[in-house]
């Protein structure tokens with residue numbers, strides 16, 4: 001699915017750093033049981049990211065309307081919404097959305113249905129120009145390890161068969177272990193857990209991760225542990241600064 005190309009400066013193609021972020025926003029419902037999309041948008045802005053993968057952005061019932069109005073993102077942030085929704089009320093697909101800073105080129109988007117007992121899907125947003133594409137894959141993996149492995153295997157095979165140059169997989173991996181469960185990515189990606197991000201009230205596990213392709217260099221990473229993030233969702237947002245090392249074979 002092709003998207004309009006913006007003729008603007010594309011920092012993906014430069015040697016500067018690119019900030020990635022991922023945030024499971026729990027349909028904008030905080031630990032205080034308030035649905036507060038404005039609070040989520042404030043946290044998104046504070047992350048100062050260039051690309052953000054969101055999970056659980058859409059409600060689960062009916063046509064899955066977005067928990068954050070598109071107008072709020074368009075008017076209160078510097079992001080464009082990757083056109084992943086397949087209806088007029090959702091922001092994402094299977095709850096996964098991607099925000100891209102204005103000035104970055106969205107080349108194309110794609111959807112990948114994932115195996116499992118529950119409906120799951122990954123979203124792919126390709127940034128840059130053909131021949132220099134960075135593919136961002138947003139995920140919210142399943143609750144059972146065998147299905148998470150199968151889901152990662154399908155994502156890996158999809159990327160191997162595509163014509164993207166570099167890829168990052170990011171989102172809620174739902175994997176509590178740091179040593180098992182992520183084997184399908186082991187030989188082609190560096191898996192980064194910036195810190196414990198779940199549960200936000202008392203973080204015990206680094207469920208939220210980045211998986212960086214071999215030419216993506218990690219410069220810095222962390223978890224937003226601000227007071228507002230600790231109450232806005234059951235997950236804390238993560239961020240990572242990377243550089244695309246195009247000289248690496």
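The values are calculated or read from the model by the stated rules, or taken from the named source; none is laboratory data. Predicted model, so just to flag it, every value in this text is computed and none were measured. Every residue, glycine among them, receives a Cβ derived from its backbone with ideal geometry; neighbour counts consider all protein chains shown.
Selection of region 137-187 for residues being part of a helix (DSSP H, G or I) and touching a strand residue (DSSP E or B) at 6+ places or on another chain (Cβ under 7 Å) yields 151, 154, 155, 158, 159, 185.
Restricting region 217-249 to residues that are in contact with a helix residue (DSSP H, G or I) (Cβ under 8 Å, 6 or more places away or on another chain) and in a strand (DSSP E or B), the residue that is nearest to residue 172 (Cα to Cα) is 235.
Checking each residue in region 82-114 for being closer than 14 Å to residue 59 by Cα and part of a strand (DSSP E or B) picks out 93, 96, 97.
Sort through 142, 138, 95 and tell me the only one that's in contact (Cβ under 8 Å) with a residue 12 or more places away in the chain and over 24 Å from residue 19 (Cβ atoms).
Working: 138 fails: over 24 Å from residue 19 (Cβ atoms); 95 fails: over 24 Å from residue 19 (Cβ atoms).
Going through 142, 138, 95 in turn, just one is in contact (Cβ under 8 Å) with a residue 12 or more places away in the chain and over 24 Å from residue 19 (Cβ atoms): 142.
Give the residues of region 125-149 that are out of contact with any helix residue (DSSP H, G or I) (no Cβ under 8 Å at 6 or more places or on another chain) and at pLDDT 95 or above, sorted by residue number. Walk me through it before giving the result.
Within region 125-149, the subset out of contact with any helix residue (DSSP H, G or I) (no Cβ under 8 Å at 6 or more places or on another chain) is 125-126, 130-131, 133, 136, 138, 140, 143-148.
125, 126, 136, 138, 140, 143, 144, 145, 146, 147, 148 - these are the residues of region 125-149 that are out of contact with any helix residue (DSSP H, G or I) (no Cβ under 8 Å at 6 or more places or on another chain) and at pLDDT 95 or above.
Scanning region 119-133 finds no residues that are in a helix (DSSP H, G or I) and free of Cβ contacts under 8 Å to residues at least 40 places away in the same chain. Under the condition of being without any contact (Cβ under 8 Å) to a residue 24 or more places away in the chain and more than 17 Å from the chain's Cα centre (by Cα), the residues counted in region 180-219 number 4.
Conditions (1) closer than 25 Å to residue 25 by Cβ; (2) more than 19 Å from the chain's Cα centre (by Cα); (3) surrounded by fewer than 21 Cβ atoms within 10 Å (Cβ to Cβ), marked per residue:
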site	(1), (2), (3)
116	yes, yes, yes
127	yes, no, no
130	no, yes, yes
134	yes, no, no
137	yes, no, no
149	no, no, yes
167	yes, no, no
178	yes, yes, yes
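Considering only residues that are in a loop (DSSP other than H, G, I, E, B) and in contact with a helix residue (DSSP H, G or I) (Cβ under 7 Å, 6 or more places away or on another chain), look in region 199-216 and name the one that is surrounded by the fewest Cβ atoms within 10 Å (Cβ to Cβ). Ranking the qualifying residues of region 199-216, first place goes to 201. The condition of being over 24 Å from residue 57 (Cβ atoms), modelled with pLDDT of 95 or more and touching a strand residue (DSSP E or B) at 6+ places or on another chain (Cβ under 7 Å) holds for only one of 208, 220, that being 220.
Among the residues examined, residue 191 does not qualify as in contact with a helix residue (DSSP H, G or I) (Cβ under 7 Å, 6 or more places away or on another chain) and either surrounded by 17 or more Cβ atoms within 10 Å (Cβ to Cβ) or in a loop (DSSP other than H, G, I, E, B) (or both).
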